[in-house]
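A.B. asks: Pasting a structure below so you can have a look.
Bear in mind that the values in this text are calculations on the coordinates, not laboratory data. Predicted model, so just to flag it, every value in this text is computed and none were measured. Note: ideal-geometry Cβ built from the backbone for every residue, glycine included; neighbour counts use all protein chains shown.
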Amino acid sequence: MVPHSTQCSDGAPECSEVVPVSTWSHPRQILSAQVLATLNQRSNVKGFVHLLGHLAILAVSGYLWATQPHWAIALPALVVYGFGIATMFAPLHECVHRTAFASQGLNDAVAWLAGLLSFYNSTFYRRYHKWHHRYTQIPGKDPELDDPKPTTLRAYLLELSGLPWWLGKLRGHSKIALGRVEDYPYLSQTGASEAIRSTRLQLAVYGGAIALSVAAGHPWAVWLYWVLPLAVGQPLLRFILLAEHTGCSQDNNPLTNTRTTFTLPPLRFLMWNMPYHTEHHLYPSIPFHALAEAHRQLRPNLAHVATGYLQVNRQIIANLRQPAV
């Protein structure tokens with residue numbers, strides 16, 4: 001074991017707790033095959049229980065937002081409801097790995113529905129995310145790096161606003177629905193056809209929802225109960241997702257190119273344990289409900305373990321103020 005330096009790859013001070021890091025030449029061999037086989041056990045029951053809990057939070061907060069005349073109750077409910085919709089990205093993410101449930105069919109169905117709520121398309125995202133795992137933090141290869149990390153305070157605040165995300169989703173869904181997939185090297189011919197059909201169906205569902213709300217005499221229903229809450233929840237989700245790789249090494253070492261962040265249990269629940277992000281990148285086959293145990297066994301080897309999202313984002317802002325070298 002060697003002590004981990006408190007410097008990020010760009011020389012900026014690391015905002016994570018200092019932990020020792022093993023000099024593993026093959027990081028994904030840290031866990032034995034026997035331990036990994038135990039951790040890899042998937043469960044329909046655990047997946048359904050977690051999903052029902054997430055949906056229950058949406059139901060209660062959404063009901064309060066829709067019915068409460070008192071803003072002191074309605075506004076907090078809107079924030080919870082909006083964040084709950086935005087974090088449907090988390091079951092989408094888990095299901096595209098096909099680890100949320102033991103059944104592949106359940107994973108694919110829940111992924112599509114979660115994407116419908118969170119404004120992602122699961123069929124496209126599965127291919128996109130596979131390349132992110134294959135080429136994590138490798139410039140020119142990792143598709144997540146096509147959207148550059150903020151380098152100024154203005155860019156950081158713009159990122160938190162969610163505006164770049166909304167524009168990217170509107171532009172991306174439109175391109176795919178029109179069959180313009182030449183800019184996506186991770187889409188094979190079959191994958192492109194599936195993504196096009198899936199995106200067209202998804203947009204048709206949105207169109208149908210708008211038509212039904214107009215026909216029912218509630219033309220603003222989709223705006224009030226989906227678009228607005230999702231817009232409220234996006235800044236919170238962006239705040240979390242920025243912590244996953246920002247300031248980590250840009251190389252193929254999963255021990256140093258990804259960050260795990262400790263957080264409150266309710267947030268960890270809605271994020272389906274995604275804050276254990278280094279563990280997930282090391283072993284994407286481990287389902288969400290086993291990531292805490294994976295962290296317990298892997299922690300001595302992790303380079304970036306932050307004690308909270310506020311801490312990470314404070315350091316991101318501090319690094320923005322430093323002159324470029």
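A.B. asks: Using the Cα gyration tensor of segment 133-199, with a ≥ b ≥ c the square roots of its eigenvalues, what is the shape: rounded (a/c below 1.5), prolate (a/b larger than b/c) or oblate (neither)? Intermediate values should be presented prior to the final figure.
C.D. replies: Details: a/c = 3.33, a/b = 1.52, b/c = 2.19.
Judged from the Cα gyration tensor, segment 133-199 comes out oblate (a/c at least 1.5, b/c at or above a/b).
A.B. asks: Subtract the Cα-Cα distance of residue 166 and residue 147 from 0.36 nm times their separation in residues, and report this length gain in nm to one decimal.
C.D. replies: Details: separation 19, 0.36 × 19 = 6.84 nm, distance 1.28 nm.
My answer for the length gained is 5.6 nm.
A.B. asks: Taking the Cα centroid of segment 296-314 and of segment 183-218, what is the distance between the two, rounded to the nearest whole Å?
C.D. replies: Cα centroid to Cα centroid, the span is 37 Å.
A.B. asks: Oh, and also: Over segment 27-320, what relative contact order in percent results from Cα pairs under 8 Å that are six or more residues apart? Walk me through the numbers on the way to the answer.
C.D. replies: Values: 379 pairs, mean separation 70.7, N = 294.
That works out to 24 percent.
A.B. asks: Now, a different point. Where in segment 93-122 does the amide nitrogen come within less than 14 Å of the point 7 Å from the Cα of residue 44, taken along Cα to Cβ?
C.D. replies: 100-110
A.B. asks: Moving on to the next point. May I ask for log10 I(q)/I(0) of segment 27-320 at q = 0.09, 0.14 Å⁻¹, from a Debye sum over the Cα atoms as equal point scatterers with solvent left out?
C.D. replies: -0.45, -1.15
A.B. asks: What's the tally of Lys pairs in the chain whose alpha-carbon atoms lie under 26 angstrom apart, where the two lysines are 8 or more places apart or on different chains?
C.D. replies: For the chain, qualifying lysine pairs total 10.
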